[in-house]
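To start, the structure itself, in structure tokens.
Laboratory data are not the source of any read-out in this text; all were calculated from the coordinates shown. Please read all numbers here as calculations on a predicted model, not as lab measurements. Heads up, the Cβs are rebuilt from the backbone with ideal geometry, glycines too, and the neighbour counts pull from every protein chain shown.
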Amino acid sequence: MKIRITGRNVEITPGLQSYADKRLSGLERYARGLVVGDPHLVVWEERGQYGGEFLLKIKGKTLKVESSGKKDPLELIDELKDIAKRQLEKENEKLRERRRRA
């Protein structure tokens, strides 16, 4: 899973890029064949606080995870990962329920 990272008013340093790749690549375990395209992470800085969104295309829909108001971009990436993980687990549970009913 190759993650595209875009920075708005933020320079994407190699350290931030590698941290995002490391943290967000762990979502592959929860995606198990659901992911259709490459994920996209957008990070922005506004008035000294960081915000971001993580877009992940899965079969039939696009998951959009947003967060803002963080002092550190690394903390922002961790929170986006946790939210995306919960949403992917929810999607997997929906699929399991459909398979059980069929």
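Computed quantities for the displayed model
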{"item": "Residues satisfying the stated conditions in segment 1-16, i.e. under 10 Å from Val43 (Cα atoms), exposed (fewer than 14 other Cβ atoms within 10 Å of the Cβ) and not β-branched (Val, Ile, Thr)", "result": "Arg8, Asn9, Glu11"}
{"item": "In segment 17-42, residue farthest from Asp72 (Cα to Cα) [restricted to those that are more than 11 Å from the chain's Cα centre (by Cα), of a type in the set (Ser, Thr, Tyr) and surrounded by 14 or more Cβ atoms within 10 Å (Cβ to Cβ)]", "result": "Tyr30"}
{"item": "Residues of segment 39-78 satisfying the condition of being within 19 Å of Gly15 (Cβ to Cβ), free of Cβ contacts under 8 Å to residues at least 40 places away in the same chain and in a strand (DSSP E or B)", "result": "Leu41, Val42, Val43, Trp44, Glu45, Gly52, Phe54, Lys70"}
{"item": "Lys81 being part of a helix (DSSP H, G or I) and either among the aromatic types (Phe, Trp, Tyr) or crowded, with 17+ Cβ neighbours inside 10 Å (or both)", "result": "yes"}
